[in-house]
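Chemist: So that we are looking at the same thing, I have put the structure below in structure tokens.
The values are calculated or read from the model by the stated rules, or taken from the named source; none is laboratory data. Remember, predicted model here, so these are calculated numbers, not experimental data. Cβ placement follows ideal geometry from the backbone for every residue including glycine, while neighbour counts extend to all protein chains displayed. Heavy atoms of the whole protein, side chains included, go into the accessibility calculation; ligands, DNA and RNA do not. Shrake-Rupley method; radii C 1.70, N 1.55, O 1.52, S 1.80 Å.
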Amino acid sequence: MAQQDQPQAGEAPIRAVRLPTQLTDLELLIPYALIAEITDVSLPEGSIGLGRNEATIVNWRGQRVPLVSLEAMNGEAVPTIGRRVRCAMLYGTDPERALPYYALLLSGVPRSESVERRQIETAGPQDNPLWQAVVRLDGRLTAIPNIRVLEERIDQMRLGEEESRESPAIE
């Protein structure tokens, strides 16, 4: 008896997490394998840099981890946030970078998703280099980020922040 209902090799659905953000007309989809934890963190006292080219450093499990807002990175308004924020901690994927983890600001509760490869469109929305591909889920456009580009930008933010802390102020 043929098992035509079973997916063939390479056709298994991809397990992913839909991360809620406040990006205009766009949701975010991340493979489960990249998610270290969904958690709340306390933001540091004083000014919180979550701008287009700024990250803030948060403490998570005894490590200092850069936290970014995808909204700000895309030139949109940063969501209103309090002292504690929900974020997705992601594993760094590039062994050439000293970025073992980084965090993305969330605006709600993540959802598990199952996506088939045939649903994925390779062209990103508005030719934004942050987006590698898109998927339509429940009628909403959902972006799959280009992890290498995202990690490169976060690493540059983090390194820029370290340099500004180490450089003496010029008066």
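Chemist: Looking at (1) buried (at least 16 other Cβ atoms within 10 Å of the Cβ); (2) at pLDDT 85 or above, which one does V149 not meet, given that it meets all the others?
Modeler: Status for V149: all satisfied but (1).
Chemist: Which condition does P31 not pass, out of (1) within 16 Å of V85 (Cα to Cα); (2) open to solvent by 30 Å² or more (accessible area, probe 1.4 Å), if it passes all the others?
Modeler: Result: P31 fails condition (1) only.
Chemist: Next question. Can you name the residue in the stretch 35-47 that is open to solvent by 30 Å² or more (accessible area, probe 1.4 Å) and either more than 14 Å from the chain's Cα centre (by Cα) or farther than 16 Å from L105 by Cβ (or both) and, of all such residues, is modelled with the highest pLDDT?
Modeler: Going through the qualifying residues, I end up with D40.
Chemist: Report the residue count in the stretch 81-114 for those that are farther than 19 Å from I147 by Cα and of a type in the set (D, E, K, R).
Modeler: Number of matching residues: 4.
Chemist: While we're here: With R140, R111, R83 as the choices, which residue is in contact with a strand residue (DSSP E or B) (Cβ under 7 Å, 6 or more places away or on another chain), basic (K, R), open to solvent by 90 Å² or more (accessible area, probe 1.4 Å) and modelled with pLDDT of 85 or more? Explain how you work it out, then say what you get.
Modeler: Values: R140 fails: modelled with pLDDT of 85 or more; R83 fails: modelled with pLDDT of 85 or more.
So the residue among R140, R111, R83 that is in contact with a strand residue (DSSP E or B) (Cβ under 7 Å, 6 or more places away or on another chain), basic (K, R), open to solvent by 90 Å² or more (accessible area, probe 1.4 Å) and modelled with pLDDT of 85 or more is R111.
Chemist: If we only count strands (runs of 3 or more DSSP E) wholly inside the stretch 44-121, which ones have 2 or more residues that are of a type in the set (G, A, S) and farther than 13 Å from L28 by Cβ?
Modeler: Those strands (runs of 3 or more DSSP E) span 111-115.
Chemist: Out of L90, L50, L130, L104, I need the residue that is closer than 30 Å to A12 by Cβ, in contact with a helix residue (DSSP H, G or I) (Cβ under 8 Å, 6 or more places away or on another chain) and modelled with pLDDT under 90. Which one? Even if it seems obvious, please write down each step before you answer.
Modeler: Numbers: L90 fails: modelled with pLDDT under 90; L50 fails: closer than 30 Å to A12 by Cβ; L104 fails: modelled with pLDDT under 90.
Selected residue: L130, the only one of L90, L50, L130, L104 that is closer than 30 Å to A12 by Cβ, in contact with a helix residue (DSSP H, G or I) (Cβ under 8 Å, 6 or more places away or on another chain) and modelled with pLDDT under 90.
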